[in-house]
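What follows is one structure encoded as structure tokens, with my remarks underneath.
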Amino acid sequence: MTGVPSPVVVAFFTSPVSRDEVLEHLVGEMAGTTGISAREVLAAVLEREGSLSSRVSDEVAMPHAMWEELSETALALGVCPSGVDWDGREPPVRLVTLMVGPARDHLSVMAAVARRLQAEGAVDAVTSAGSPREVRTLLCGSGEESAPVTVRTLTVTAATVEYAAELARVLPRNPVVVAVTNPRIMRLLGVLAESPLAERTILVGPVPPREDSPVRVIPTERFPEDGRGLATLTLLPLIATGVVTAESEVILVSGRDHQGGLDAVRLVDVARELQVPRGLSPAHLPQGVLLEVVIRALHLAAELALQGREGKPLGTIIVIGDDSRLEQHSQQMILNPFAGHPREARNILDPSLTETVKELAKIDGAFLVAGDGTIGAAGMHLSGKPDPGEMESGLGARHAAALGITAVADVLAICLSESTGTITLFYEGRRMIRR
Ligand SMILES: Nc1ncnc2c1ncn2[C@@H]1O[C@H](COP(=O)(O)OP(=O)(O)OP(=O)(O)O)[C@@H](O)[C@H]1O
């Protein structure tokens, strides 16, 4: 865009107002027509204003904020004939041009607006105009409102959610699982919360649990940037905890993080895609094991599967649980790198530990993790007893060890295969999932 966009709103402030009142009003109007979050944009504009006043001349202030969600820069005009105290300096400002938009055309729009207002008498003409139409004509050469500027990603998200709802009506027995890639889309998911779908919807992603909503939320950390493995990371914890079973077909709604919204709906046949044995309903976790610890461990395994370490594939076992029988069935193979560290400094839920865990995954053997996430040891040799009937052909010593430990203790074992990159979860001496 090179010219001056037609303002989404032209507001006349005829009685005395403050700078913040003008901004709040303009941002609110802009939010109403574009779908951006008034609160977030106002905070960004005020922060910018706090570090450097946007006054560009005696009479004009050009507040602005970069906002990538918008398809193009939106302009809102505040006309204040009696002046507004902008930054404590005299004279008061008479014209406010608020611009919010993507970096791509932000500067060119600002330059176009500035050029137009530099013309002799332009500000006087605008501030003494009698109607929004007249202001538009003076500024853009046309009294017409331009095509609406919209929030791209939110529009796509709205259409995606609508489609998922449609699909859910056709498939009334299927749960709807939404992989929330960006906390901003939570606003639109309010639509889901109010629909009959609410009871069937589970949100998985980096969002806080909500007590005020019928939609169940499973908080996780951010999904990998490129969206790879999104379905796996979303569904594994749900299967591991019995929320979704082998018999489920799930309507999975997802999107890539860099797009900031939801853009895909698909049906996932859980048994086939995640190789969950039919008839298995793992509706519980081992005694004292927190769901978030299982989710965290699965995320770590998935990250290792996707990235490896320094480009090389890695295999490992993560055993989770507090069963005292573990002691009899595990022996230290190397000096335990976690020995001597305080409990709070070695919790798997602590994001600052991620790199350490990934590095230690290079060591042979298993991690032992308590139900609350405290890592007890790395490099452990496991000596459980796998039921030969449960050992699938082609699986070697690592998988046998992971399976075997769950047969002799009340623990979960996550096994990442070095040779195939698959993640298998064992519990109660059986395979629960493989992906
Ligand atoms: N009892 C055990 N306890 C802990 N780790 C073990 C045990 N047995 C084997 N491992 C680990 O598994 C690694 C490789 O074993 P192997 O290749 O036979 O297993 P696998 O099940 O085929 O796994 P992968 O698919 O990763 O190759 C060993 O180097 C060792 O780190």
Listed peptides 101-107, 403-409 by packing density, highest first (mean Cβ within 10 Å): 403-409, 101-107
If you count only protein heavy atoms with a 1.4 Å probe, what accessible area per residue comes out for segment 313-435, rounded to a whole Å²? 44 Å²
From Cα pairs below 8 angstrom and at least 6 apart in sequence, can you work out the relative contact order of the chain, rounded to a whole percent? 11 percent
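Can you list the GluC sites (Glu not before Pro) in segment 309-396 that are in a DSSP coil and have 13 or fewer other beta carbons within 10 angstrom?
Sparse-neighbourhood loop GluC sites (Glu not before Pro): GLU310, GLU392.
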Whole-Hz Karplus ³J(HN,Hα) for segment 365-380, in order, using 6.51 cos²θ - 1.76 cosθ + 1.60 and θ = phi - 60°, x for Gly and Pro? x, 10, 8, 10, 10, 6, x, 8, x, 5, 7, x, 7, 10, x, 9
Ignoring any ligand, DNA or RNA, what whole percent of the accessible area of the chain comes from carbon and sulfur when the probe is 1.4 angstrom? 53 percent
Per-residue accessible area, 1.4 Å probe, largest first, puts MET66, MET333, MET110 in the order MET66, MET333, MET110
Pull up the DSSP beta bridges for segment 9-146 and report the antiparallel fraction as a percent, rounded to 5. 45 percent
Only sites in a loop by DSSP and with at most 14 other Cβ atoms within 10 Å count here; which trypsin sites (Lys or Arg not before Pro) in segment 11-93 make the cut? ARG89
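With a ≥ b ≥ c the root eigenvalues of the C-alpha gyration tensor of the chain, is it rounded (a/c under 1.5), prolate (a/b larger than b/c) or oblate?
On the way: a/c = 3.39, a/b = 2.42, b/c = 1.40.
It comes out prolate by the Cα gyration axes.
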Residues of segment 103-121 with backbone N under 12 Å of the label point set 7 Å from the Cα of PHE12 along Cα→Cβ are none
Segment 291-434 shape via C-alpha gyration tensor axes, a/c threshold 1.5: oblate
Once the whole set of protein chains is in place, how much accessible area is left on SER128, using a 1.4 Å probe, in Å² to the nearest 10? 90 Å²
Taking amide hydrogens as modeled 1.01 Å from N in the peptide plane, which residues meet the under 5 Å criterion relative to ALA74, leaving out close sequence neighbours? VAL100, GLY101
How many Å² of accessible area per residue for segment 9-146, probe 1.4 Å? 45 Å²
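The values are calculated or read from the model by the stated rules, or taken from the named source; none is laboratory data. Computed from a prediction, not measured in an experiment: that's the story for all the values here. As a convention, Cβ positions derive from the backbone with ideal geometry for all residues, glycine included, and neighbour counts pool all protein chains shown. Heads up: the accessible areas ignore ligands, DNA and RNA and are worked out on the full protein's heavy atoms, side chains in. Shrake-Rupley method; radii C 1.70, N 1.55, O 1.52, S 1.80 Å.
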